[in-house]
Each structure stands twice: as C-alpha cells, then as structure tokens.
Amino acid sequence: MLGPVILAASRSDKMRRFVSAAPGTKQVVSRFIAGETVEQVIPIVRETVAKGLEVTLDVVGEDITTREQAYAARDAYMELIEHLEDLGLGAKAEMSVKLSMFGQSLEGGHELALANIRPVVEAAASIGTTVTLDAEDHTTLDSMFAIHEELRKDYPQTGCVIQAYLFRTEDDARRLAEAGCRVRLVKGAYKEPATVAYQSKAEIDKAYVRILKILMEGEGYPMIGSHDPRLIAVTQELARRAGRKLDEYEFQMLYGIRSDEHVRLAAEGHRMRVYTAYGTDWYGYFMRRLAEKPANLLFFVRSMITKG
C-alpha cells in the first residue's frame, strides 16, 4: 500500500527537500547511487566488469525545466562516453537515458529530445557501445517509441524499455520483437492510473510473463529487468523452450540490489548487466527504489532514526 504513496512523494518538491535534508539519507542513497561524478563511478565500472558482469550507466536527473538543463544532460553523457572510450569496454558498458532529461517535456520537446540524444547515440556507436531509452510515465511513451524508431534507422542497436504493468505493452512487445531490436522488460516504477495500468502485483506478474514469452519467441534481443527469483526462473525456462543460447538474451539488475545474484548468474554463463546510476539529482530515482520494495523503505527509516 505504501508504494503509490511513495511514488506520489517522488513528484513533491516539499518531500524532496525533507528527504534530502534527513540525517540518514546519504547512507541509504549510497546503496543505490554509485557516486555523484563520472570520476567516482568509473572505478565502480572497472570493478563490476572485472567480476564478469556488464553495466548500463544512468546519469540521474529527469525533472528539468529549461533547455539549458537539457543541453547539460546531453553534455554529461558525452563526458561519460569520453571516459568509457578510455576503458575500451565496448558493449560491456552501455548507457541508459531518460528522454525527459533531454528536454522531452519542454515546448517542442519531442524534436529537442531527438536532437539532443542523437549525438550521444552517435558517439556511443563510435566506441562500440549502445544506448537504451528508458521508459517513463505512459504520457511520454509515444514520443519515446517514435524517437527510438528514428534512431534505429542509423543506429539499429539502440535499445528501449517496456513496462509490464501497462495495458498497451503486449502490443508494443509484438511490434518490437523483431530481429536486432534490444528490448528491456521491467515491471514499471511510476504511479499510473487504473485506466492504463494493472494495479495488483499478481496481475503485473502475469503480464510480465506473457510479455516475456512474446519477446523470447520473437527475433529480438530481450533484456530481463527483474530481481524476482520466480521471474528469473521463468526466463530461463522460456529461453530454453525458445531455443535461445545464453548470449541471445541478458539479465539486468540494479546496482546495490541482490549483488550476490548478479555474480551467480554470470558464473552460470548468463550475460548479467548492472544498472548503475550516478549523479547529484538522485531524488526521483531513489524514491522509486523505495517504492519498489518495503525493505528498502525500512532500511531508510532505520538509518534516519540512527543518524538522528
């Protein structure tokens, strides 16, 4: 029941100020956010890859209000690419972007976001890696998918994310399950109305399995974004039935959550990619992590009490 409340709070400036100032916040945030600067996150990338894992890097920050902020977001990713080039990791270190951070919600936002993301995708391709477009709330998706389609004309490796809790997603999955299309499937982490999204965990889990089956039986490259042991087991079984080899799909999990499972799956021969977020504008990302799992919220509250 707390999940929707926390998601609503993720859009509250008042709660942003309160949480940011709370005495235990920094300790808990560091569990999910790898650092504030690219210089801080690069050693973590090296360490992660050395364990046989891969990464996708997210510069956090989405609630922008000016074009200057959108340009700054573009430049932050360009700086990240310069550092990744020095590492020479290729597709082992890719990037995830939220188009809202690139100006999607501003006036003329669709064209602005496309213009800002294109040089990032181009630069990523030049060092042998890729970009995945994260899904946000349902009102942004038509724009996101259109930008994804446009980018794939020149950079077919560009990925996108679909969310199991939305009613529309089974149709989106059928459209995207084509050769060469990289698709990350997640449950969904935004507050959505009952008119567009399933509200119960049971219904979301059922939808996740139906969509996963579509992706596995298709010709694209599924990326399974889940920490749920049941869904991991279902993924392995559906991949076996579809005749997929271990390098024809991958698991993705969040930095700081079930780290032992990351290593276990990699040791079994699976591609295992860690979604690694960094930056100073961490509030929205952090609140969605609290909403996903009550244990995360309990950890936060305990830290606040201890530090207080």
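The values are calculated or read from the model by the stated rules, or taken from the named source; none is laboratory data. Computed from a predicted model, the values in this text were never measured in an experiment. Using ideal geometry, Cβ is built from the backbone for each residue, glycine included, and neighbour counts are taken over all protein chains shown. Calculation scope for accessible area: heavy atoms of the full protein, side chains included, ligands and nucleic acids excluded. Shrake-Rupley method; radii C 1.70, N 1.55, O 1.52, S 1.80 Å.
Relative intensity of region 164-255 on a log10 scale, I(q)/I(0) at q = 0.12, 0.15 Å⁻¹, equals -0.34, -0.53, per a Debye sum over C-alpha point scatterers of equal strength in the absence of solvent.
Summarising the overall dimensions of region 88-225 from its C-alpha atoms, the Rg and Dmax are 14.8, 46 angstrom. Each other residue within a Cβ distance under 13 Å of Arg244 adds +1 if Lys or Arg and -1 if Asp or Glu, for a net charge of -1.
At R0 = 45 Å, how high is the FRET efficiency between Glu39 and Gln199 if r is their beta carbon distance? Nearest 0.05 is fine.
It comes to 0.60.
Considering only Gly88, Met144, Leu106, and ranking their Cα positions along the charge dipole of region 62-157 that arises from unit charges at the beta-carbon of Lys, Arg, Asp and Glu, the one farthest toward the positive end is Gly88. Students often get this wrong, so check it: of Lys51/Lys191; Lys51/Lys206; Lys92/Lys153, which have C-alpha atoms separated by over 31 Å? Exceeds cut-off: Lys51/Lys191; Lys51/Lys206. Ligands, DNA and RNA left out, the accessible area of region 83-227 computed with a 1.4 Å probe is 53% carbon and sulfur. The phi torsions of region 184-197, fed into the Karplus equation with coefficients 6.51, -1.76 and 1.60 and a -60° offset, translate into couplings of 8, 9, 10, 6, x, 9, 10, 6, 10, x, 5, 6, 10, 9 Hz, rounded to whole numbers, with Gly and Pro shown as x.
In loop segments of region 76-161 as defined by DSSP, the trypsin sites (Lys or Arg not before Pro) with at most 13 further C-beta atoms inside 10 Å of their C-beta are Lys153.
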